[in-house]
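The values are calculated or read from the model by the stated rules, or taken from the named source; none is laboratory data. Computed from a predicted structure; not experimentally measured. Counting neighbours? That spans all protein chains shown, and the Cβs are built from the backbone with ideal geometry, glycine included. We work out accessible area using only protein heavy atoms, side chains counted, and drop any ligands, DNA or RNA first. Shrake-Rupley method; radii C 1.70, N 1.55, O 1.52, S 1.80 Å.
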Amino acid sequence: MRLSFGLVAVVSLAAAFHAAAQTYPARTVRLIAPFAPGGATDVLARLAAQKLGERWGQSVIVDNRVGAGGHIGAELASRATPDGYTLVVAGTPHAIGMSLYQKLAYDLAKDLAPANRIATYPSAIVVHPSLPAKNVKELIALARARPDQLNFGSAGIGSPNGLALELFKTMAKVRMVHVPYKGGSGQMVTELLSGQVQLASIGLPPAMPYVTSGRLRVIAVTGMTRSALLPAAPTVNESGLPGFDVTSWYGIFAPAALPKELVAKLNADIAAILGAADLKERLAGLGAEPGSMSVDAFARYVREEVTKWAKVVKDSGATPD
């Protein structure tokens, strides 16, 4: 009899979860953007919020919760009621933060349920035109001939693009000097254009005006595939460092205890909006590509990213500013 009651309880609970998934969302959903308005995360959050709101017939409100490299917003989401009404956009900075910061109050892979990846952003390794290197092999040869004489800039210690070149150093077995700028990428680009630092990894959209004007030269793009924004530029992977892959990504996460039925619904709905032609066009204009994955594949991807960046952070000796 106890077994029967237990079975009834399980069936009833499953039915309740199924019913909740069928009616979700029944009210306003909050989507936390853990970075300041105007940045890549915020833009993606607002695009996703608009399209999901249209699909659901419910308001999706973007809530900017800034601080601690994006981790304040992510931690807030991890502690929210697991009912699907509080979500967060998280990505590469959070995967890096798992090893960069020693005392985070949440774990990206354990305390948040990955619903779906939204998009990926390619970057490029660019150099000042005065640097006599036109491809990856020439850059590696130059760095080996001039150890600790080439300076690369970044938007700060632990920034994805800064760590991209730390990974490049490790894989190429070269020594270059990292110059992090606390003033952010704007100050770094200014110094790169003036030649005070010789190279950097920069997101393709902000780099394109300087590349097309000849003020910067592209060595290679950092993802595994060539970018539609710069199809002639090879990848680092195909240019002498097999396996090199640094692609910034962002996805939507929910509290870890969100029922699987709701996670599956979120995954399907996010995939549906990413398939829309108008959203693809908007993302292309930002230099981003839709990145939808299954729930299991995205969860696996997040774990792999955390592991990959932990090694890069350790090898680089990076610590928070």
Tell me the mean residue ellipticity at 222 nm calculated for the chain from its helices only (DSSP H runs of n ≥ 4, each -39500 (n - 2.57), averaged over every residue, nearest 500).
-14500 deg cm²/dmol
Can you check how the C-alpha radius of gyration of the chain compares to 2.2 N^0.38 Å, as a plain ratio?
1.08
Report Glu138's accessible area, 1.4 Å probe, all protein chains in place, as a number in Å² to the nearest 10.
80 Å²
Let's test the formula: R0 of 30 Å, r as the Cβ-Cβ distance of Arg27 and Glu281. What FRET efficiency results, to the nearest 0.05?
0.50
For the table Lys173/Lys311; Lys260/Lys308; Lys182/Lys308; Lys134/Lys280; Lys110/Lys182, the rows whose alpha-carbon distance is greater than 23 Å are Lys260/Lys308; Lys182/Lys308; Lys134/Lys280; Lys110/Lys182
Over segment 169-317, what is the relative contact order in whole percent, taking alpha-carbon pairs under 8 Å and six or more residues apart?
14 percent
Which cross-chain or sequence-distant (5 or more) residues have an amide H under 5 Å from the amide H of Arg175, H modelled 1.01 Å from N in plane?
Asp148
Derived scalar couplings ³J(HN,Hα) [segment 275-285; Karplus, 6.51 cos²θ - 1.76 cosθ + 1.60; whole Hz; x for Gly, Pro]:
x, 6, 4, 5, 6, 4, 5, 5, 5, 4, x
Quick one: length gained pulling Arg300 to Arg226 fully straight, 0.36 nm per residue minus the C-alpha distance?
24.3 nm
Percent antiparallel among DSSP beta bridges (both partners in the chain, rounded to 5)
60 percent
Given a 1.4 Å probe and heavy atoms of the protein chains only, how would you sort His71, His128, largest accessible area at the top?
His128, His71
How big is segment 187-321 in terms of Cα radius of gyration and Dmax, in angstroms?
18.0, 54
Over segment 123-248, with neighbouring protein chains present, the accessible area per residue in Å² at probe 1.4 Å is 42 Å²
Rank these by accessible area, largest first, 1.4 Å probe: Lys103, Lys173.
Lys103, Lys173
Can you give me the % of accessible surface on the chain that is carbon or sulfur? Probe 1.4 Å, all protein chains present, nothing else counted.
56 percent
